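Participant: Here's a structure for you.
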Ligand code: CAA
């Protein structure tokens, strides 16, 4: 039986900062950010969008009433959770009006959480072929103003409906994982910004990619020539390029893989790092932007979460009946964003949810999204669905 990703939905906040402006403000050559890092724009989340609302705004793009009825699990990959105990998946279940007959949990392992969700979902569907699973990758990447990591921030959510006989990507059952206790990137409970040893984290990423890819080839008796594209977790787009360069040669097939990578990085360069969702935003980018996309194309995926966990797995492009609606949805949401200047970005960055038991209400007059966070009352977050007030 084929299982995999039937539909993909995407949401990113409606404001972004331009990387040339950020480079100028930080006294860096714009080429460092645009070429050396490979980012053009960075999504900035207003305080009224957190991972729960972004996930709801992504999922609502794709779920029909019949889809909602078939969902038996909600697996929410995030490293930007909103509560130390209650899972984001349960908030999401309520906002999406899913049935109570659902297993709803949050999964955390840095940027890898959504891949754990995808693989658990596929395993579940293999034994429950009439069910569906909703998998989310949603995060707000924060390193801090004036830090080396600032250029690699971002915000957004990808929602994936995992089913039997999927329309977009069939996920193959063989995969190779690798994990080790590494302090390359982490965020202690008392911090809202990540701590990172940036250059070391790049090395860990490349090392995990090479280890899992080598082992995958051995186990599946495949080589680079069996793949039409490689997709990567993209904390910044140059990172995936660096990884791909470690395996390509000087031949036509390698050139083709580099061309496919250009398509796969386009949206990530315009959004920034969305941590758990980044690999799947790259999948959306490839499906929408590749000039060669056709059913049956074979694609390799490298998922990585600092700390660290890596996984290499493979998939095949499906019939693509949902590609047109995916293309319309994603291009519309990217095109309707508003640019903010550096001062506005800095003030949005500093405008955080109070870490405080007091009640508060946000100014939500600028919100255009269907779901947003209104504030806190009696130590409880108040989420709004504008279509169901
Ligand atoms: N024109 C063109 N390129 C230029 C340039 C110019 N004027 N000036 C510099 N560059 C290039 C450099 O040569 C370098 O390219 P290479 O890496 O290919 O050599 C690139 O721009 C970056 O330059 P630096 O290494 O000097 O940049 P930096 O020290 O300021 O930091 C960084 C870069 C380490 C990625 C930093 O942004 C960071 O710490 N980011 C967060 C951590 C991260 O994303 N790690 C990735 C792996 S971990 C992971 O994947 C999990 C996750 O999501 C966090």
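The values are calculated or read from the model by the stated rules, or taken from the named source; none is laboratory data. From a predicted model like this one, the values you see are computed outputs, not experimental measurements. Here Cβ is always computed from backbone atoms with ideal geometry, including for glycine, and neighbour counts include all displayed protein chains.
Participant: Given the residues 299, 271, which is the only one that is more than 26 Å from residue 194 (Cβ to Cβ) and either crowded, with 23+ Cβ neighbours inside 10 Å or in contact (Cβ under 8 Å) with a residue 60 or more places away in the chain (or both)?
Facilitator: Details: 271 fails: more than 26 Å from residue 194 (Cβ to Cβ).
The match here is 299.
Participant: Within the range 128-156, how many residues turn out to be in a loop (DSSP other than H, G, I, E, B), within 27 Å of residue 35 (Cα to Cα) and either away from the ligand (no atom under 13 Å from the Cβ) or modelled with pLDDT under 95 (or both)? So that I can check it myself, show each step before the final result.
Facilitator: Kept after step one, since they are in a loop (DSSP other than H, G, I, E, B), are these residues of the range 128-156: 128-131, 142-147, 153.
Those still in the list that are within 27 Å of residue 35 (Cα to Cα) too: 142-147, 153.
Still in the list and also either away from the ligand (no atom under 13 Å from the Cβ) or modelled with pLDDT under 95 (or both): 145.
Summing the residues that are in a loop (DSSP other than H, G, I, E, B), within 27 Å of residue 35 (Cα to Cα) and either away from the ligand (no atom under 13 Å from the Cβ) or modelled with pLDDT under 95 (or both) in the range 128-156 gives 1.
Participant: For the range 266-296, how many residues meet the condition of being under 22 Å from residue 14 (Cβ atoms), in contact with a helix residue (DSSP H, G or I) (Cβ under 8 Å, 6 or more places away or on another chain) and assigned to a helix (DSSP H, G or I)?
Facilitator: Number satisfying all stated conditions: 16.
Participant: Restricting attention to the range 105-136, which residues are more than 23 Å from residue 1 (Cα to Cα), surrounded by fewer than 21 Cβ atoms within 10 Å (Cβ to Cβ) and in contact with a strand residue (DSSP E or B) (Cβ under 7 Å, 6 or more places away or on another chain)?
Facilitator: Passing the criteria: 105, 109.
Participant: Within 16 Å of the ligand (Cβ to nearest atom) and either in a helix (DSSP H, G or I) or closer than 30 Å to residue 373 by Cα (or both): which single residue out of 22, 8 fits that description? First the steps, then the outcome.
Facilitator: Numbers: 8 fails: within 16 Å of the ligand (Cβ to nearest atom).
Checking each option against the conditions leaves just 22.
Participant: Can you tell me which residue is farthest from the ligand (Cβ to nearest atom) among those in the range 205-219 that are closer than 19 Å to residue 232 by Cβ and free of Cβ contacts under 8 Å to residues at least 40 places away in the same chain? Lay out the reasoning, then the answer.
Facilitator: Filtering the range 205-219 down to residues closer than 19 Å to residue 232 by Cβ leaves 205-217.
With the extra rule that they be free of Cβ contacts under 8 Å to residues at least 40 places away in the same chain, the set shrinks to 207, 210, 214, 217.
Values: 207: 11, 210: 14, 214: 19, 217: 22 Å.
Applying the filter and picking the extreme gives 217.
Participant: Could we say that residue 35 is within 16 Å of the ligand (Cβ to nearest atom), more than 30 Å from residue 353 (Cα to Cα) and not in a loop (DSSP other than H, G, I, E, B) here? Reasoning before the result, please.
Facilitator: Working: within 16 Å of the ligand (Cβ to nearest atom): yes; more than 30 Å from residue 353 (Cα to Cα): yes; not in a loop (DSSP other than H, G, I, E, B): yes.
In short, yes.
Participant: Counting just the residues of the range 170-204 that are in a loop (DSSP other than H, G, I, E, B) and under 21 Å from the mean Cα position of the chain (by Cα), which one comes out farthest from the ligand (Cβ to nearest atom)? Walk me through how you get there before you give the answer.
Facilitator: Initially, the range 170-204 is screened for residues in a loop (DSSP other than H, G, I, E, B), giving 180-184, 187-194, 197.
Those left that are additionally under 21 Å from the mean Cα position of the chain (by Cα): 184, 187, 192-194.
Values: 184: 6, 187: 10, 192: 15, 193: 11, 194: 7 Å.
Here the answer is 192.
Participant: Separate question: Restricting to the range 220-247, name every residue that is at negative phi and more than 15 Å from the ligand (Cβ to nearest atom). Talk me through it step by step, then tell me what you get.
Facilitator: Of the range 220-247, the ones at negative phi are 220, 222-247.
Passing the criteria: 220, 222, 223, 224, 225, 226, 227, 228, 229, 230, 247.
Participant: Would you please name the residue that is surrounded by the most Cβ atoms within 10 Å (Cβ to Cβ), looking only at residues in the range 157-169 that are touching a strand residue (DSSP E or B) at 6+ places or on another chain (Cβ under 7 Å) and assigned to a loop (DSSP other than H, G, I, E, B)?
Facilitator: Across the range 157-169, the extreme among qualifying residues is 166.
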